[in-house]
1. Starting from residues that are within 7 Å of the ligand (Cβ to nearest atom) and assigned to a loop (DSSP other than H, G, I, E, B), keep the ones in the stretch 51-68 and report whichever is surrounded by the fewest Cβ atoms within 10 Å (Cβ to Cβ).
2. Out of all the residues in the stretch 237-251, which are touching a residue at least 40 places away in the same chain (Cβ under 8 Å), assigned to a strand (DSSP E or B) and either among the small types (Gly, Ala, Ser) or surrounded by fewer than 21 Cβ atoms within 10 Å (Cβ to Cβ) (or both)?
3. Output the qualifying pairs, or none if there are none: Cβ atoms under 8 angstrom, residues six or more apart or on different chains, first residue in the stretch 170-186 and modelled with pLDDT under 95, second residue of a type in the set (Ser, Thr, Tyr).
4. Pick from the stretch 69-100 the residues that are small (Gly, Ala, Ser) and not in a helix (DSSP H, G or I): which of them is farthest from ARG197 (Cα to Cα)?
5. On the basis of being over 21 Å from ASN34 (Cβ atoms) and within 18 Å of the chain's Cα centre (by Cα), does ARG215 make the cut?
6. Could you check the stretch 50-71 and list, in sequence order, the residues that are more than 19 Å from the chain's Cα centre (by Cα) and among the polar types (S, T, N, Q)?
7. Inspect all residues belonging to the stretch 124-142 and state whether any of them is away from the ligand (no atom under 16 Å from the Cβ), at pLDDT 90 or above, surrounded by 15 or more Cβ atoms within 10 Å (Cβ to Cβ) and not hydroxyl-bearing (Ser, Thr, Tyr).
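The values are calculated or read from the model by the stated rules, or taken from the named source; none is laboratory data. Bear in mind that the values here come from a model prediction, so they are computed numbers and not experimental data. Methodologically, a virtual Cβ is constructed for each residue, glycine included, from the backbone with ideal geometry; neighbour enumeration extends over all protein chains shown.
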Amino acid sequence: MTSFTTRMDRRNIDQVMMRAAAHARKEEKFQQGNFEFVSLAGHILESSCKHEEGIQVEGCLKCKYNRELQLEELPEMVFARNSLKISFANGFIEFNTLDALKMVCADRLPDVKVGASSVWQSARQDRIQQISEHQKPFDWTFTTHYKGTVEGLKVEPTTERIDMERLKRRDQIVFMSSVTLFEDELADHGIAQLSARIRVMKEGYFFVLLRFYMRVDDVLIRVCDTRIVGDHTDNHVIREWQLREAKYEDLHQADSEALLDVDRAWMHLPIVEEHVDRISGDVEKVID
Ligand SMILES: [Zn+2]
């Protein structure tokens, strides 16, 4: 009798908690020309389920993450409710945490070719020991080459480029928003962070940046950027994806202060890989 009542109370509390979490979401929406932008921000993903153990609960994000990800460990802070979505034509491009984490390697240690650097060895030693003793290996730097989730739009490689000079102009901003998707301090050895931000200019164009930033102190800096630019009268956008990285030992020209600031460090990092796509709503129309 008592346990039954307790269980009922527990279930009610779970429902209230889940509703509260859903309502704590902050939504920002903006429409300009052919495009609609929505950013969502909410609580961090709970470290454990709020419901009874051993069952899967519909609507429980923790259950969903456990089910869909093979990762042995998640970043310290997972903002599972955060996202940024750009809708146009009959589709959308979205940046969301779950799809980004799906691209983190779940069965190998990080592929960081730094040889036998003693700094690297000591920096990662405790972490690696932890992982190899208790867990299956995974990329504990949480490196993801995620460049967004696309639905209902055509993606094709292009030689077009984003006009970076225009982005440097101080045009009037009519909407801006930024969300963090996940963050981890790499056991106090640096940082791994994925975030997305948007700026819509009065003149009619917009700029989105999804940035994965990873720094293992004194060893390596890696930045994986996805930039999207579009114009309000267009039916397409240009997406530039770029991976940059460098070892500290190759960054002598930069001062150490600068290396702690991603925007300053970025300029010193060589491009390792790059892809440019045109994403359009030019899906062939059926004529009656
Ligand atoms: Zn759950």
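1. Only one residue fits best here, namely GLN56.
2. Of everything in the stretch 237-251, those that are touching a residue at least 40 places away in the same chain (Cβ under 8 Å), assigned to a strand (DSSP E or B) and either among the small types (Gly, Ala, Ser) or surrounded by fewer than 21 Cβ atoms within 10 Å (Cβ to Cβ) (or both) turn out to be ILE238, GLU240, TRP241, LEU243, LYS247.
3. Final answer for the pair search is LEU186/THR141.
4. ALA89
5. So ARG215 fits the description; yes.
6. Of everything in the stretch 50-71, just one residue is more than 19 Å from the chain's Cα centre (by Cα) and among the polar types (S, T, N, Q), namely GLN56.
7. Yes, there is a match, as at least one residue in the stretch 124-142 is away from the ligand (no atom under 16 Å from the Cβ), at pLDDT 90 or above, surrounded by 15 or more Cβ atoms within 10 Å (Cβ to Cβ) and not hydroxyl-bearing (Ser, Thr, Tyr).
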